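The values are calculated or read from the model by the stated rules, or taken from the named source; none is laboratory data. Quantities reported herein were computed from a predicted structural model and do not represent experimental measurements. Note that we place each Cβ from the backbone using ideal geometry, even for glycine, and neighbour counts take in every protein chain shown.
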Amino acid sequence: MSEVFEKLSGLDRLVHEPARLAVLTALSVCRKADFMYLLRLTGLTKGNLSTHLTKLEAGGLIRIEKKFVGRKPNTMLALTRKGRTAVEKHWRELDELRASSRDWDPTEE
Amino acid sequence: MVKAERNAMNRDLRHITQIFPTFLGLRLVPAGAFFLIVGGASPLVGPVPTAAQAVLAVLAVAAIWWIHLWYRREFGVVEPARLGWSRSWMFLLGLGVAVLAMSLGARSFGGTTTLVLLVVLTLFATAVLYALPRTLGGGTMAVALVAAVVLLGAIVIMAMGSDPLRFNYLGAFFSLAIGVVLCAAGVAEHLSMKQALHGAGTGDDV
């Protein structure tokens, strides 16, 4: 079981945080999404979402494109190749952990 | 957040994001209102003149565009990862059947009108096919139901012949049916979207 805990502690925290994982998961099934959609989807405040997006961009997981639609600013977000790999790897690791924990018998420890 | 919750969240977020463009159902309502007005007016005050129908159609398109912009502003934008071919083809099939029904029904109006209607509808169908994934989400169920209603209408009109009086009443009935389906499906999809977005949030702060 210690191997499972090692795996658990080894999860990428940048990806594993719930709000960031939600953003990455949503972006993994589309080409692009804008700030407003992610705001609605995650239920975060603008400031919090913005902070998470900045962290993800700094980690090279997402690409942020800022432009104007008419007179209004519009922020589009897309996963980078690194981000796509990271989120797929993360969900795979979580699936493996779930499978491992199902077989775990605490009385054997 | 426990793993089971995370897995549910993963499924929800993926599902909502993938079908988000089809969720924006209020865009179907102006089209439904057009059919309701045209279909509802026929038995009451007689067939709606072509010019009035054209004005109504332009107003419906303008309303669809306004709702599209409102959705962008209020709910954001998702660019799908790939073209929704099955949905697009279903939409095209529905419009193809509509063209067939129109061509059968338009015998009452003469060849020139029929030809113009066919050209306009074909151009519209082509535009929708290419625009669908990014702009007009449409509702798959609504499109399927409309196609079924129009197909049924075409069969009934073919069976009953081109008697103008019968055609007007049947046309009105099917127009009303299409209007009801589009409006109901549009509102239902919009409410589903609001419910789905409400339930999907992580709610976690930094």
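A few remarks follow.
- Looking across the stretch B:74-93, just one residue is in a helix (DSSP H, G or I), at pLDDT 80 or above and surrounded by 12 or more Cβ atoms within 10 Å (Cβ to Cβ), and that is B:PHE75.
- Taken over the stretch A:60-80, residues that are of a type in the set (Val, Ile, Thr) and either modelled with pLDDT under 85 or over 17 Å from A:VAL23 (Cα atoms) (or both) amount to 1.
- Among (1) within 10 Å of the chain's Cα centre (by Cα); (2) among the hydrophobic types (A, V, I, L, M, F, W, C); (3) exposed (fewer than 14 other Cβ atoms within 10 Å of the Cβ), the one test that A:ALA19 misses: (3)
- Just one residue in the set A:LYS7, A:LYS32, A:LYS67 is over 12 Å from the mean Cα position of the chain (by Cα) and without any contact (Cβ under 8 Å) to a residue 40 or more places away in the chain; that residue is A:LYS67.
- One residue stands out in the stretch A:24-48 among those that are of a type in the set (Ser, Thr, Tyr) and crowded, with 19+ Cβ neighbours inside 10 Å: the one that is farthest from the other protein chains (Cβ to nearest Cβ), namely A:SER28.
- Hey, A:ARG92 more than 10 Å from chain B (Cβ to nearest Cβ) and either among the small types (Gly, Ala, Ser) or surrounded by fewer than 20 Cβ atoms within 10 Å (Cβ to Cβ) (or both) or not: yes
- Inspection of the stretch A:52-71 finds no residue satisfying the criterion of being closer than 20 Å to B:ARG73 by Cα and of a type in the set (S, T, N, Q).
- Selection within the stretch A:52-74 - polar (S, T, N, Q) and surrounded by 16 or more Cβ atoms within 10 Å (Cβ to Cβ): A:ASN74
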